[in-house]
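Below you'll find the structure, written out as structure tokens, and then a few comments.
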Amino acid sequence: MSRPKGTPKSGGRKKGSLNKATAEAKRSLEELARTHTATAMQALAHVADHGESEAARVSAATAILDRGYGKPKQALEHSGEGGGPVFIVTGVPRDE
């Protein structure tokens with residue numbers, strides 16, 4: 001039975017979602033990587049302390065901080081048309 005033209009297809013995976021085999025492989029890779037966390041952190045700490053270039057030391061230090069505290073939030077500035085305020089319409093009536 002075919003669906004009428006213009007109607008959305010239903011069922012199946014959402015676009016961009018992983019199939020079961022790919023999801024399982026990703027979980028296995030993550031688990032394997034986590035078994036090497038201590039070694040990786042030691043390597044980063046060594047490069048941060050003894051790296052041959054300043055860029056290598058900064059990169060290693062940044063990686064350590066990102067993993068320990070998370071990456072810094074990126075500031076975003078929004079403005080409306082002509083630099084004016086931005087109005088967000090939620091569809092919920094407000095008492096005035």
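Please work out which residue is modelled with the lowest pLDDT, limiting yourself to the stretch 36-61 and to residues that are surrounded by 10 or more Cβ atoms within 10 Å (Cβ to Cβ) and in a loop (DSSP other than H, G, I, E, B). Of everything passing the filter in the stretch 36-61, H36 is modelled with the lowest pLDDT.
Please work out if K73 is of a type outside the set (G, A, S), in a loop (DSSP other than H, G, I, E, B) and modelled with pLDDT of 85 or more. Yes. Could you tell me whether P93 is within 24 Å of the chain's Cα centre (by Cα), at pLDDT below 95 and in a loop (DSSP other than H, G, I, E, B)? Spelling it out, it is not the case that P93 is within 24 Å of the chain's Cα centre (by Cα), at pLDDT below 95 and in a loop (DSSP other than H, G, I, E, B).
The values are calculated or read from the model by the stated rules, or taken from the named source; none is laboratory data. Please read all numbers here as calculations on a predicted model, not as lab measurements. Note that each Cβ is placed from the backbone with ideal geometry, even for glycine, and that neighbours are counted across all protein chains shown.
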